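Let me begin by presenting the structure, written as structure tokens, before commenting on it.
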Amino acid sequence: MKLHVLGSAAGGGFPQWNCNCRMCSGLRTGQINAKARTQSSIAVSDDGIDWVLFNTSPDILQQIKAFDAGQPARSLRDTGIKSVFLLDAQIDHTTGLLMLREHNAPLNLYTTKPVHEDLSTGNPLLKVLDHYCGINWFEVNPDNRAINLPGASNIDMHPIPLTSNAPPYSPRRDKPVPGDTLGILMNDKSSGKKLFYAPGLGEMEEPVWDAMQQADVVLVDGTMWTDNEMIEAGASQKTAASMGHLAQTGKGGMIEWLDKLPKSTRKILIHINNTNPILNEDGPERARLKEHGIEVAEDGMQVVLEAGS
Ligand code: MLT
Ligand code: MN
Ligand code: ZN
């Protein structure tokens, strides 16, 4: 199984267009050692030719341009992306769908029912797309049962329900239901390796923890370092928890959980918010992650899971 990180930042990207926080201005002025990042999305493949796209960020055109393997160029209009799986209905994970409207057939789209509902009502992207390529919708049940998607037919995808939050525009904001946000346990049948992916993870509940313990690689929510990071930066009144993101530090934080996994598990954070000090590669927070064996995803990063590795 091959995984390509198209974008590794949370909503807004890094630097965020209107933000002058320590990290955003530090990157612009060169005062910190950090890399720019686009908004979170990954592509997964079992043969390196056909791909499943997980989430479609507003930066998708830039991301696809930087992803040579996604354009096999076999015909005038072509793409390696065979299907799209949306793990939630957040703006940063869905609005890029509109940029795929030139597709020469309806897009194979996998979402849960609540996500489909939000994308047909509060943010009716799917209705708009019907006037272009249209979509071929497959309903995903958040029940852990394996499904197989075009683009990665040899990888069992287990949709794990988890508690995060529904988008701000959703009628279910602050009262999410199972299916508003998913994590995915990917079981690559050719290598026998497993990867767990959850860019939005608010609470470490039993099904999520079970999946993480099985995985050879976990690629999980790295939005914020502290729960009140955006408040301290003066950027917002929202805590990480209120947005459905488990902060890295503090009691019961992501670092504590990742520490409980086997040493052999590769641990990578993704969906990094632009206020998060781990973006500074020379900072003490990044050093602390290193001590715990935790990596930080960056755009263009590739992860290959093969038998024996
Ligand atoms: C989130 O992950 O909580 C949202 O994407 C934030 C946003 O898009 O503004
Ligand atoms: Mn987000
Ligand atoms: Zn910022």
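Within 10 Å, count the other beta carbons around each residue, average over each peptide in 58-65, 235-242, 266-273, 146-153, and list them highest first. Please list the in-between numbers first.
Details: 58-65: 19.5, 235-242: 16.0, 266-273: 24.6, 146-153: 17.5.
Averaged packing, sorted descending, gives the order 266-273, 58-65, 146-153, 235-242.
Expressed as a whole percentage, what fraction of the accessible surface of region 169-236 belongs to carbon and sulfur atoms when a 1.4 Å probe is rolled over the protein heavy atoms?
47 percent
So for region 189-280, averaging the separation of alpha carbon pairs under 8 Å that are six or more residues apart and normalising by length, what relative contact order in percent results?
Values: 150 pairs, mean separation 30.6, N = 92.
Across region 189-280, relative contact order equals 33 percent.
Solvent-accessible area per residue for region 182-242 at a 1.4 Å probe radius, Å²?
Numbers: 2190 Å² over 61 residues.
On a per-residue basis, region 182-242 sits at 36 Å².
Using Cα positions and a limit of under 15 Å, work out the aspartates and glutamates in reach of K238, with same-chain residues fewer than 8 apart set aside.
D174, D227, E229
May I ask you to derive the relative contact order of region 237-309, considering only C-alpha pairs under 8 Å and at least 6 residues apart, and to give it as an integer percent? Present the calculation step by step, with values, prior to reporting the outcome.
Numbers: 41 pairs, mean separation 17.1, N = 73.
About 23 percent, as a whole number.
How large is ³J(HN,Hα) for each residue in region 155-165, as worked out from phi by the Karplus curve 6.51 cos²θ - 1.76 cosθ + 1.60 (θ = phi - 60°), to whole Hz, x for Gly and Pro?
For region 155-165, the Karplus-derived couplings read 10, 6, 9, 9, x, 9, x, 8, 8, 9, 8 Hz, x marking Gly and Pro.
Relative contact order for region 145-193 using alpha-carbon pairs under 8 Å, separation at least 6, rounded to a whole percent? All intermediate terms of the calculation are to be shown ahead of the outcome.
On the way: 73 pairs, mean separation 18.7, N = 49.
It rounds to 38 percent for region 145-193.
Write down the percent of antiparallel bridges among all DSSP beta bridges whose residues are both part of the chain, to the nearest 5. Display every interim value, and only then the final one.
Working: 25 of 50 bridges.
Rounded to the nearest five, the antiparallel share is 50 percent.
Mind checking Rg over Rh on region 1-159, alpha carbons, Kirkwood formula for Rh?
Using Cα coordinates only, the ratio equals 1.00.
With no solvent and one point per C-alpha, what does the Debye sum give as log10 I(q)/I(0) for region 62-154 at q = 0.17, 0.20, 0.22 Å⁻¹?
The computed values of log10 I(q)/I(0) come out as -0.79, -1.07, -1.25.
Roughly how many Å is it from the Cα centre of region 249-300 to that of region 1-68, as a whole number?
Their Cα centres are 17 Å away from one another.
Excluding same-chain residues fewer than 8 positions from K35, which lysines have a Cα within less than 22 Å of its Cα?
Result set, ordered by chain and number: K65, K267, K290.
Convert 10 °C to kelvin, take the viscosity as 1.306 mPa s, use the Kirkwood radius over C-alpha pairs of the chain as Rh, and evaluate the Stokes-Einstein diffusion coefficient in µm²/s, rounded to a whole number. Let's see the in-between values first.
Numbers: Rh = 19.3 Å.
Rounded, D is 82 µm²/s.
Per residue, how much accessible area does region 1-82 have with a 1.4 Å probe, in Å²? Write out the running numbers ahead of the final one.
On the way: 3660 Å² over 82 residues.
In whole numbers, region 1-82 has 45 Å² accessible per residue.
Among the DSSP beta bridges whose two residues both lie in region 107-251, what percent are antiparallel, rounded to the nearest 5?
Details: 13 of 22 bridges.
Taking every DSSP beta bridge with both residues in region 107-251, the antiparallel ones total about 60 percent.
Which percent of the accessible heavy-atom area of region 6-83 goes to carbon and sulfur, probe 1.4 angstrom? Display every interim value, and only then the final one.
Details: 1820 of 3550 Å².
Carbon-and-sulfur percentage of accessible area, whole number: 51.
Compactness ratio of region 168-259: Cα Rg over 2.2 N^0.38 Å, N = residue count?
Working: Rg = 14.6 Å, N = 92, 2.2 N^0.38 = 12.3 Å.
For region 168-259, the normalised Cα radius of gyration comes out at 1.19.
Tally up the carbon and sulfur contribution to the accessible surface of region 237-293 as a whole percent, 1.4 Å probe, everything protein left in place.
Working: 1340 of 2570 Å².
Summing carbon and sulfur atoms, their accessible area is 52 percent of the total for region 237-293.
The values are calculated or read from the model by the stated rules, or taken from the named source; none is laboratory data. Not measured: the values here are computed from a predicted model. Positions of Cβ are backbone-derived with ideal geometry, glycine not excepted, and every protein chain shown enters the neighbour counts. For accessibility, only protein heavy atoms count, side chains too; no ligands or nucleic acids. Shrake-Rupley method; radii C 1.70, N 1.55, O 1.52, S 1.80 Å.
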